[in-house]
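Novice: The structure under discussion is supplied below as structure tokens; questions concerning it will follow.
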Amino acid sequence: MAAVLEGERVDTCVVVGHSLGGAVAVKVGRLLPDAVSHVVALDALHYLSLFPAQDGSQVQAMLRSFSEDFPAGVRSMVVAGSPAGTDPGVKDAYFEKMVSVRQPAGLRSLEGLVRWRMDDVLREVKQPITLFAVREILTQEAINRYGDRIRIVPVDLGSHHFHRESPAGTAELVARVVAG
């Protein structure tokens, strides 16, 4: 993403990322402090089972569970990202899409995420960061941990994939950030 922005000579932008893309957006903000004016994360950065960085044994345990039964690991992620009342058909559709990721790409993405040292990167990012988090999934512990560095805005637009479930509502949220 940073290479594309540099290649296109983008001199100012807001970077938006969902889930793992939220981590990517933060990293792009760190890499391009003069070009990125704001970072927006869509239901990302607040999952304390992934952040802060885990120790080696925790990382290995998580990766082992996914490598032994990738579909079960993916199913648990879909369930964790689905508030009570989420249509089972919607959860099944997200599961099918996510479990279809070719391997080892899916495992390597997860490994990169759980090894990422978000706290270290957050100390270096100067731009404002806004997180739109599913209200029912957001925990007070995450607010306490990151609320002084990340503007956390609870939303009621659906599940972890609310940007797909409510694209107009998501666009309004991002447009407000862009407008200042």
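Novice: Return one whole number: the accessible area per residue of region 88-143 in Å², for a 1.4 Å probe. If you can, show how the numbers build up before the last one.
Specialist: Numbers: 3260 Å² over 56 residues.
Here the per-residue accessible area is 58 Å².
Novice: A further question follows. Under 10 Å, Cα contacts only: if you run a Gaussian network model on the chain, which one of R115, R135, R64 comes out with the highest mean-square fluctuation?
Specialist: R64
Novice: Next up: Please report the carbon-and-sulfur percent of the accessible area for the chain; probe 1.4 Å, protein heavy atoms only, DNA, RNA and ligands left out.
Specialist: 54
Novice: Okay, moving on. Counting only GluC sites (Glu not before Pro) that are in a DSSP loop and have at most 16 other C-beta atoms within 10 Å, tell me the longest site-free stretch of the chain.
Specialist: Longest gap between qualifying sites, sites excluded: 9-135.
Novice: Does anyone have the angle between helix 105-115 and the longest principal axis of the chain? Alpha-carbon axes, 0 to 90°, nearest 10?
Specialist: Relative to the chain, helix 105-115 is tipped by roughly 60 degrees.
Novice: Local charge sum around G180 (other residues, Cβ-Cβ under 15 Å, Lys/Arg +1, Asp/Glu -1)?
Specialist: +1
Novice: Okay, next question. Quote the charge dipole size of region 17-138 about the Cα centre in Debye, to the nearest 20; the model charges only the Cβ of Lys and Arg (+1) and of Asp and Glu (-1).
Specialist: 240
Novice: If I take every Cα pair under 8 Å that is 6 or more residues apart in the chain, average their sequence separation and divide by the length, what percent do I get for the relative contact order?
Specialist: On the way: 233 pairs, mean separation 47.1, N = 180.
Over the chain, the number comes to 26 percent.
Novice: Provide the per-residue ³J(HN,Hα) series for region 131-147, in order, calculated from phi with Karplus coefficients 6.51, -1.76, 1.60 and θ = phi - 60°, each as a whole number of Hz, with x at glycine and proline positions.
Specialist: 10, 9, 10, 4, 3, 6, 9, 5, 10, 4, 4, 5, 4, 4, 6, 10, x
Novice: Sort region 75-180 into rounded, prolate or oblate with this rule: let a ≥ b ≥ c be the square roots of the eigenvalues of the Cα gyration tensor; rounded if a/c is under 1.5, and if a/c is not under 1.5, prolate when a/b is larger than b/c, oblate otherwise.
Specialist: oblate
Novice: Report, to the nearest 10°, how far helix 20-31 tilts away from the longest principal axis of the Cα atoms in the chain, using its own Cα long axis and a range of 0 to 90°.
Specialist: Roughly 30 degrees between the two axes.
Novice: Measure nothing fancy, just the Cα-based angle from helix 167-179's long axis to the longest principal axis of the chain, in degrees from 0 to 90, nearest 10.
Specialist: Computed tilt is about 30 degrees.
Novice: Then there's this: Under a plain spin-label model, where a point goes 7 Å from the Cα along Cα-to-Cβ, how far apart in nm are R64 and E96?
Specialist: With each label point 7 Å from Cα toward Cβ, the separation is 3.4 nm.
Novice: Also: Looking only at H163, H18, H38, which one moves most when the chain is put into a Gaussian network model with springs between Cα atoms under 10 Å?
Specialist: H163
Novice: Select from M77, P52, H163 the residue farthest towards the positive end of the dipole of the chain; place +1 on Cβ of Lys and Arg, -1 on Cβ of Asp and Glu, and compute about the Cα centre.
Specialist: Towards the positive end, the residue furthest out is P52.
Novice: Still on this model: Calculate, for E8 and A179, the FRET efficiency according to 1/(1 + (r/R0)^6) with r their C-beta to C-beta distance and R0 35 Å; round to the nearest 0.05.
Specialist: Here the calculated transfer efficiency is 0.95.
The values are calculated or read from the model by the stated rules, or taken from the named source; none is laboratory data. Everything numeric here is computed off the predicted structure, so don't read it as measured data. As a convention, Cβ positions derive from the backbone with ideal geometry for all residues, glycine included, and neighbour counts pool all protein chains shown. Protein only, heavy atoms only, side chains kept; ligands, DNA and RNA dropped before computing areas. Shrake-Rupley method; radii C 1.70, N 1.55, O 1.52, S 1.80 Å.
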